[in-house]
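Contents: one structure, followed by commentary.
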Amino acid sequence: MARLLTADPDAVAEAAAVLRASGLVAFPTETVYGLGAAARAAAAVARVFAVKGRPADNPLIVHVADAAGLADLGADVPPVVRDLAARFWPGPLTLVVRARPGLPRVTTGGLDSVAVRVPGHPVALALLRAAGVPVAAPSANRSGRPSPTTAAHVLADLADRVDVVLDGGPTAIGVESTVVDVRSGAPVILRPGAVTPADLGLAGLGGGDLAASPGTRYRHYAPACAVEIAPVGAGARVAAGLAAQGRAVGLVAPGRAPEGVVQVARPGDAAALGRVLYGALRAAESGGLDALVVEAVDDRGLGTAVMDRLRRAAGSDKRTKNARFDVECP
C-alpha cells in the first residue's frame, strides 16, 4: 500500500530516497500528478509501464530540476532550446530532443529522442533536487482513466501499486504540458497545453512526428460513462434532452443545470474547465451517471488544449487510436 505523505521537507527527502532506490513515487506538478521513477533505472521505468498498463512504444517525459539537466539527456541540442528554456522553464513546456546514447530505451519508448521538462511546481522541483537524478514520469493513473489532479485520484487508481504518494494539493492547470519537437531547430507543437502557439510565436499546431510525443496517439481520459460535448452556450439544453430520455445525466457548464440534471462543475472559462475537467470525469463515473455533458470552450489559447483533452475523452479525436491505453504525461 502506498504511503501518503504531506509534501513537507521530510516527506520530500523520504520520497527522493525511494526514487534513488528504484522505487515509484507519485508527485504533483502544475499540470497533473506524475508517477515517477529514476529515468536511468531501466527496471524501475519498466515497472511504471507495468503499473499503468502503458504501451511500450510510448515515450515518457523526463523531469529535471533545471535546464542544465538537459545536457545529460539530449544530444545535438539546437540553439532554440536555450531560448525556450529561459522563457518557459520551470513550467508546462516539454521539449523533444535527440537522446544521448545510454539512456534506457524503455524510457524513450524505443526511440532515439527524449522528451524533457522542468516542472513548475515547488514540490516537484524540491523532489528532483533532493533525488539528484532525472525522473521519468507519465501521469499517475491506470490505463484508460482520466489523469489525476489530486492525491486522492492517484490513490483511487494506484494505492496498491506505488511506494509513495506526495500530496501537494490540487494541480493548478489540470491539463498536461505542451509538447514541442525542436530536433530540427524549428519548434513544432506535437501536443497542445498551457503554453500556446501564440506564446511560442507559432501560427498553430504543427502536427509533426506524433510518435515522439506522449499523449497523442491513443484514446484516453475516458470514464465509464458517455461524454457528450455541447456547443458553447448549449450545455443545459443538451443535458436536458438526454435527461428527458430517462438517462442519469451530469453537466459541466458555466450555467446552472436544469431540473433532473446533476451539476458536476460550473467552470467559467477555459482555464477553469482545465482545472476541473478530469475531476469531473471521475465524479461522473463514481456518481453512476450514464452521460456527462461538457459545454465546449473557444478553441483558442488554453482552450485548444482543453478541447483536445475533451475530444479524446469523448472519443471524437480522429488522430487517436481506438484503444484503451493511457498515454498521458505531465
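The values are calculated or read from the model by the stated rules, or taken from the named source; none is laboratory data. Just so we're clear, the structure is a prediction, and the values are computed from it rather than from any experiment. Here Cβ is always computed from backbone atoms with ideal geometry, including for glycine, and neighbour counts include all displayed protein chains.
Only one of Ala284, Ala305, Ala272, Ala280 is farther than 14 Å from Ala230 by Cα, in a helix (DSSP H, G or I) and touching a Cys at 6+ places or on another chain (Cβ under 6 Å). Can you tell me which?
On the way: Ala305 fails: touching a Cys at 6+ places or on another chain (Cβ under 6 Å); Ala272 fails: touching a Cys at 6+ places or on another chain (Cβ under 6 Å); Ala280 fails: touching a Cys at 6+ places or on another chain (Cβ under 6 Å).
On inspection, the qualifying residue turns out to be Ala284.
Which of the residues that make up the stretch 91-112 are crowded, with 21+ Cβ neighbours inside 10 Å and in a strand (DSSP E or B)?
Leu93, Thr94, Leu95, Val96, Val97, Ala99 - these are the residues of the stretch 91-112 that are crowded, with 21+ Cβ neighbours inside 10 Å and in a strand (DSSP E or B).
Anything in the stretch 235-269 that is touching a helix residue (DSSP H, G or I) at 6+ places or on another chain (Cβ under 6 Å) and within 15 Å of Leu289 (Cα to Cα)? List them, or say none. Explain how you work it out, then say what you get.
As a first pass, look at the stretch 235-269 and keep what is touching a helix residue (DSSP H, G or I) at 6+ places or on another chain (Cβ under 6 Å): 249-253, 255, 258, 260-261, 264-265, 267.
Val249, Gly250, Leu251, Val252, Gly260, Val261, Val264, Ala265, listed by residue number.
Could we say that Ala211 is outside any loop (DSSP other than H, G, I, E, B) and at pLDDT below 95 here?
Working: outside any loop (DSSP other than H, G, I, E, B): yes; at pLDDT below 95: yes.
Yes.
Mind counting the residues in the stretch 163-204 that are part of a loop (DSSP other than H, G, I, E, B), in contact (Cβ under 8 Å) with a residue 60 or more places away in the chain and more than 29 Å from Ala2 (Cα to Cα)? Write out each step before concluding.
From the stretch 163-204, those part of a loop (DSSP other than H, G, I, E, B) are 163, 168-177, 182-187, 192-196, 201-204; that's our starting set.
Going one step further and asking which of them are in contact (Cβ under 8 Å) with a residue 60 or more places away in the chain, we end up with 163, 168-177, 182-187, 192-196.
Still in the running and more than 29 Å from Ala2 (Cα to Cα): 182-187, 192-196.
Matching residues across the stretch 163-204 total 11.
Which numbered condition trips up Val96, out of (1) touching an Asp or Glu at 6+ places or on another chain (Cβ under 6 Å); (2) modelled with pLDDT under 95; (3) of a type in the set (A, V, I, L, M, F, W, C)?
(2)
Looking at Ala272, Ala239, which is the one that is at pLDDT 95 or above, farther than 28 Å from Leu155 by Cβ and in the same structural domain as Arg309 (by TED's automatic domain parsing)? It would help to see each step written out before you state the result.
Numbers: Ala272 fails: farther than 28 Å from Leu155 by Cβ.
Step by step, each of Ala272, Ala239 is checked, and only Ala239 is at pLDDT 95 or above, farther than 28 Å from Leu155 by Cβ and in the same structural domain as Arg309 (by TED's automatic domain parsing).
Which condition number does Pro138 fail, the rest of (1) crowded, with 20+ Cβ neighbours inside 10 Å; (2) touching a strand residue (DSSP E or B) at 6+ places or on another chain (Cβ under 8 Å); (3) over 14 Å from Val45 (Cβ atoms) being met?
Against the list (1) crowded, with 20+ Cβ neighbours inside 10 Å; (2) touching a strand residue (DSSP E or B) at 6+ places or on another chain (Cβ under 8 Å); (3) over 14 Å from Val45 (Cβ atoms), Pro138 comes up short only on (3).
Being touching a Lys or Arg at 6+ places or on another chain (Cβ under 7 Å) and modelled with pLDDT of 95 or more: is that true of Leu251 here?
On the way: touching a Lys or Arg at 6+ places or on another chain (Cβ under 7 Å): no; modelled with pLDDT of 95 or more: yes.
Spelling it out, it is not the case that Leu251 is touching a Lys or Arg at 6+ places or on another chain (Cβ under 7 Å) and modelled with pLDDT of 95 or more.
Which condition number does Asp160 fail, the rest of (1) in a helix (DSSP H, G or I); (2) in contact (Cβ under 8 Å) with a residue 24 or more places away in the chain; (3) surrounded by fewer than 24 Cβ atoms within 10 Å (Cβ to Cβ) being met?
Against the list (1) in a helix (DSSP H, G or I); (2) in contact (Cβ under 8 Å) with a residue 24 or more places away in the chain; (3) surrounded by fewer than 24 Cβ atoms within 10 Å (Cβ to Cβ), Asp160 comes up short only on (1).
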